[in-house]
Amino acid sequence: MSAQSPNETPELHFSPYRRTRAIYASDPETARGRLIAQPSKSERSPFQRDKDRIIHSSAFRRLKGKTQVFVAHEGDYYRTRLTHSLEVSQIARSIARVLGLDEDLAECLALAHDMGHPPFGHSGEYALAACMAPYGGFDHNAQTLRIVETLERRYAEFDGLNLTWETLEGIAKHNGPLILEKGDEDKLPWALKNLQNWKALELETFAGPEAQVAALADDIAYNNHDIDDGLRAGLFTVAEVAEVPIVGEAFADVRRRYPDISEDRMIHEAVRDLIGYMVSDVLEETRARLKFHNPQSAQDIRELDRSVVAFSEGFRTKEKALRTFLYDNMYRHYKVNRMMGQASRVVSELFELFIEDPDILPTELRRQCDGARTETTARVICDYIASMTDNFALAEHRKLFTAAGYLSTY
């Protein structure tokens, strides 16, 4: 298999420096505005301003201390939510550029997509969701909206980041419509339904094209960095993963081109080729869908009965084998299971301690509570735990559950 990296992909068709805006792209000049009007003389577009607000937010900075699969203390090489978000944004921007979409909006949504994740990857999310089941639940996508709409408190005139409608819509439904039939409104995450303007986000339609690009860029990034991290962590070998469709072809192609290459360089080259291959597949399939549907605006894309930015069916079939391999050999590896089991207990035990005795919460949080085991108190605790980095959660647990940890704080 021969593939290009994301930065090289545009050369397959035309200049990578193309900046022409497609007719179906989101146009910052006709953006639907913000909940709180903010006239601006800035030369930045509304989507550029959104991106800057996200990058400067506290929640975004904390992503550097939240890991995806491995826990922070396992090593400093493995991806964090921050490095993953940066990789997603690079891929999203490359795809958006080739398709003539708004690069700033695509990058903005890629950078924001993981801000609602709690510590310790998916195990932390599952644990927090279980704790919050009696109190309205927890969902990381909805939590991202809660952060940008309410929890970030930096500006004098409003809570949250006061982002544009297009950015909020993209965060809410980048994975597709959330309301498909009667009764779906009742199933929406609490944090989403609690937003002042959630019905205005048109949850029955698909998101705009830039949000769809960000969602696919996320798939491309995590598929490939999981291969990279899993190999470097010793959870599986090159020989084992070489049996997987697509991946095996990439490694074989690198060996043919560079017969004497070291394993470290081979892994990098193969992952680089895999990213390029996946980007090329998205571009080819998306162009075909655009040609078939001939949308004349971003709204036309929203109102279609399927995503216009997509992988081909052929790739999706092959990808299933890769996801199965990673599930069996990485996510369910006994070393990862032990680590994630411990992480899950940290989240659960912190929540139970705080919900039973909210007086031990930091002062500013304690003032927001209204007693033990109430929904208001549970939501305060949920927001607090979800904001924690891996190391902060471990430190809090150590302080509260061990005498040595308690005494070390005085």
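The values are calculated or read from the model by the stated rules, or taken from the named source; none is laboratory data. If you're wondering where the values come from, they're calculated on a predicted model, not measured in any experiment. All Cβ positions, glycine included, derive from the backbone under ideal geometry; neighbour counts span all protein chains shown. These area figures cover heavy atoms from the full protein model, side chains too; ligands, DNA and RNA do not enter into them. Shrake-Rupley method; radii C 1.70, N 1.55, O 1.52, S 1.80 Å.
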| request: Restrict the check to segment 41-48 and report whether at least one residue is among the polar types (S, T, N, Q), in contact with a Lys or Arg (Cβ under 7 Å, 6 or more places away or on another chain) and at pLDDT below 95. | output: yes
| request: Kindly indicate which of G170, G183, G160 is without any contact (Cβ under 8 Å) to a residue 24 or more places away in the chain and buried (at least 20 other Cβ atoms within 10 Å of the Cβ). | output: G160
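Listed here are the residues, each with its yes/no results for (1) modelled with pLDDT of 95 or more; (2) touching a Ser or Thr at 6+ places or on another chain (Cβ under 7 Å); (3) part of a helix (DSSP H, G or I).
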position	(1), (2), (3)
F138	yes, no, no
I147	yes, no, yes
E157	no, no, no
A172	yes, no, yes
E185	no, no, yes
A214	yes, no, yes
I220	yes, no, yes
N223	no, no, yes
| query | Which helices (runs of 4 or more DSSP H) sit wholly inside segment 26-112 and have at least 2 residues that are of a type in the set (S, T, N, Q)? | reply | 81-99
| query | Quick one: which of S262, S312, S344 is surrounded by 14 or more Cβ atoms within 10 Å (Cβ to Cβ) and either over 30 Å from H397 (Cβ atoms) or β-branched (V, I, T) (or both)? | reply | S312
| request: Looking at (1) more than 29 Å from T374 (Cα to Cα); (2) acidic (D, E); (3) modelled with pLDDT of 95 or more, find the lone condition where E152 falls short. | output: (1)
| task | Give the residues of segment 315-341 that are open to solvent by 80 Å² or more (accessible area, probe 1.4 Å) and either more than 24 Å from E285 (Cα to Cα) or assigned to a loop (DSSP other than H, G, I, E, B) (or both), sorted by residue number. | result | Y327, D328, R332, Y334, K335, R338
| said: Taking the conditions exactly as written (farther than 26 Å from I381 by Cβ, touching a Ser or Thr at 6+ places or on another chain (Cβ under 6 Å) and either small (G, A, S) or surrounded by fewer than 21 Cβ atoms within 10 Å (Cβ to Cβ) (or both)), does A92 satisfy them or not? | reply: no
| field | Only one of I381, I355, I385, I301 that is more than 21 Å from E125 (Cα to Cα), aliphatic (A, V, I, L, M), part of a helix (DSSP H, G or I) and open to solvent by less than 40 Å² (accessible area, probe 1.4 Å) | value | I301
| query | Among (1) at pLDDT below 95; (2) surrounded by fewer than 20 Cβ atoms within 10 Å (Cβ to Cβ), which single condition is S123 missing? | reply | (2)
| field | L231 vs. criteria more than 24 Å from A31 (Cβ to Cβ), modelled with pLDDT under 95, of a type in the set (A, V, I, L, M) and surrounded by 16 or more Cβ atoms within 10 Å (Cβ to Cβ) | value | yes
| said: Under 7 Å between Cβ atoms, which residue pairs at least 6 apart in sequence (or on different chains) link something in segment 364-388 that is within 23 Å of T144 (Cβ to Cβ) with a partner that is open to solvent by less than 20 Å² (accessible area, probe 1.4 Å) and among the β-branched types (V, I, T)? | reply: L365/V380; Q368/V380; T377/I355; A378/I355; I381/I355; I385/V347
| message | Within segment 201-211, does at least one residue satisfy the condition of being open to solvent by 10 Å² or more (accessible area, probe 1.4 Å) and not in a loop (DSSP other than H, G, I, E, B)? | response | no
| Do you know which of the residues in segment 265-283 that are surrounded by 15 or more Cβ atoms within 10 Å (Cβ to Cβ) and among the charged types (D, E, K, R) is farthest from K320 (Cα to Cα)? | E269
| note | Only one of (1) closer than 25 Å to V380 by Cα; (2) at pLDDT below 95; (3) open to solvent by 50 Å² or more (accessible area, probe 1.4 Å); (4) in contact with a helix residue (DSSP H, G or I) (Cβ under 7 Å, 6 or more places away or on another chain) does not apply to Q68, and that is (3)
| said: Can you confirm whether G124 is more than 30 Å from K291 (Cα to Cα), assigned to a loop (DSSP other than H, G, I, E, B) and either in contact with a helix residue (DSSP H, G or I) (Cβ under 8 Å, 6 or more places away or on another chain) or aromatic (F, W, Y) (or both)? | reply: no
| request: Exactly one condition in (1) at pLDDT 95 or above; (2) buried (at least 22 other Cβ atoms within 10 Å of the Cβ); (3) assigned to a helix (DSSP H, G or I) is not met by A129; state its number. | output: (2)
| Quick one: would you say S307 is open to solvent by less than 80 Å² (accessible area, probe 1.4 Å), among the polar types (S, T, N, Q) and not in a helix (DSSP H, G or I)? | yes
| Which numbered condition S42 misses (of (1) in contact (Cβ under 8 Å) with a residue 12 or more places away in the chain; (2) among the small types (G, A, S); (3) open to solvent by 30 Å² or more (accessible area, probe 1.4 Å)) | (1)
